[in-house]
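See structure below.
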Amino acid sequence: GLKQCEQTAKIIAAQLLQDIFDWRDYLGPGAGLRIAGADLSAQIDAFERHFFETRQANASAASLRTTWEKAYVPYLRKLQGTAEHHSQLSLPEAIYATVQGTQANSRSRQICCTALAALAEFLNLDLPTDLKSFWGNYGNSQTQLRQLPSDEQIVEVYDSLKNPRWKYVYGMMATYGLRNHEVFFCDTPWGQLGQRTDSDHHSDHTANITVRETTKTGRHEVWPFYPEWVERFDLAHGQLPKVNTDLTNTTLQRVGQQVTTQFRRYQIPFSPYDLRHAWAVRTILMGLPDAVAARMMGHSVQVHNRTYHRWMTHRDQQAAVQAALSKNEMQAPT
């Protein structure tokens with residue numbers, strides 16, 4: 001490698017003379033890619049390897065793959081398309097153009113900024129304007145309020161479903177507030193999820209389930225709200241649909257998408273995630289501490305408070321006030 005070292009030394013000497021030497025070309029995980037003349041595709045391939053190598057200790061392989069394909073791949077592809085159609089643009093200019101090609105003040109804009117900022121950091125690429133400045137005013141305070149289904153509507157829709165396996169999925173999601181894919185990656189007190197047993201129905205508050213480590217936010221336990229729904233939906237004797245859950249050749253996102261598809265097929269008048277959101281609001285009304293509910297949902301207390309407390313409707317607030325007054329029946333001083 002002596003000749004290669006000599007050649008590199010000459011390049012550096014020339015850069016020093018022209019005052020254009022930049023340490024960022026030689027430091028960090030992406031060092032040398034630009035100097036070596038790697039095209040954008042090769043740079044993205046290197047970034048993908050770096051993404052998985054640096055995160056594998058803190059997340060499951062399935063969760064990482066889902067995050068990569070959902071939050072990074074679409075925007076990296078947009079960047080490649082922009083660069084190909086506008087070859088006169090520098091890479092920073094192509095990044096800005098890609099970001100501005102997404103809808104302003106949207107979640108997609110925010111995710112695009114996050115993904116491309118990570119790529120730029122990996123490549124030690126100087127972006128004169130921080131991509132966070134393009135986020136706009138998107139945030140949970142700007143998200144559209146959902147009209148969540150009532151408990152009565154949830155039960156009514158359950159009774160209307162004909163396919164017992166998808167009926168079981170629906171019942172599990174309603175009772176435990178699960179994400180779409182999580183229902184396929186759980187362990188239950190009545191045996192392996194989706195296998196018939198002769199055990200008790202466990203219809204009381206002890207009928208908690210365990211969401212496995214391979215899911216989006218890792219292992220966590222969840223209790224039923226309402227516990228009576230365990231028996232009402234006959235969850236102890238349900239069976240899962242035949243869905244490919246081998247994460248060596250599928251992803252959590254693809255598993256979850258099949259749930260969404262079936263909700264549309266059966267014309268359920270709300271989304272799968274509305275069952276999860278309804279569960280969250282239900283725990284608030286029943287007085288479950290936010291820290292406990294957030295832990296069961298697999299996210300932070302901040303996200304829980306910022307998101308779900310906003311979705312309490314007038315109906316929910318009125319029910320909570322009546323419950324509080326009934327619980328603390330005190331006579332006002334005269």
Contour minus Cα-Cα span, Ile11 to Glu69, at 0.36 nm per residue, comes to 17.1 nm
Along the Cα→Cβ direction, 7 angstrom out, place labels at Gln253 and Asp151. What is the inter-label distance in nm? 3.7
Compare Glu213, Glu221, Glu84, Glu182 by solvent-accessible area with a 1.4 Å probe and give them largest first, with all protein chains kept in place. Glu84, Glu213, Glu221, Glu182
On the principal axes of its Cα set, how long, how wide and how thick is the range 35-141? Give whole Å, largest value first. 45, 37, 22
With a 1.4 Å probe and every protein chain left in place, tell me how much accessible area Arg219 has, in Å² to the nearest 10. 150
Rounded to the nearest 10 Å², what accessible area does Ser108 have for a 1.4 Å probe in the complete protein model? 40
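Figure the gain on full extension for Thr114 and Leu2 (residue separation times 0.36 nm, minus the Cα-Cα span) and round it to one decimal in nm.
Numbers: separation 112, 0.36 × 112 = 40.32 nm, distance 4.06 nm.
Computed gain between Thr114 and Leu2 is 36.3 nm.
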How much FRET efficiency would the formula 1/(1 + (r/R0)^6) give for Arg49 and Gln103, where r is the Cβ-Cβ distance and R0 is 35 Å, rounded to 0.05? 0.70
Of Lys167/Lys216; Lys10/Lys132; Lys78/Lys162; Lys10/Lys78, which pairs sit farther than 30 Å apart, going by alpha carbon to alpha carbon? Lys10/Lys132; Lys78/Lys162; Lys10/Lys78
So what's the net charge close to Val99: Lys and Arg +1, Asp and Glu -1, counting the other residues with Cβ under 13 Å from its Cβ? +1
Under the 0.36 nm per residue contour assumption, what length would be gained going from the current alpha-carbon distance of Gln80 and Ala61 to full extension? 4.3 nm
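The values are calculated or read from the model by the stated rules, or taken from the named source; none is laboratory data. Since this is a predicted model, take the numbers as computed values, not measurements. All Cβ positions, glycine included, derive from the backbone under ideal geometry; neighbour counts span all protein chains shown. These accessible areas exclude ligands, DNA and RNA; they are computed on the full protein's heavy atoms, side chains included. Shrake-Rupley method; radii C 1.70, N 1.55, O 1.52, S 1.80 Å.
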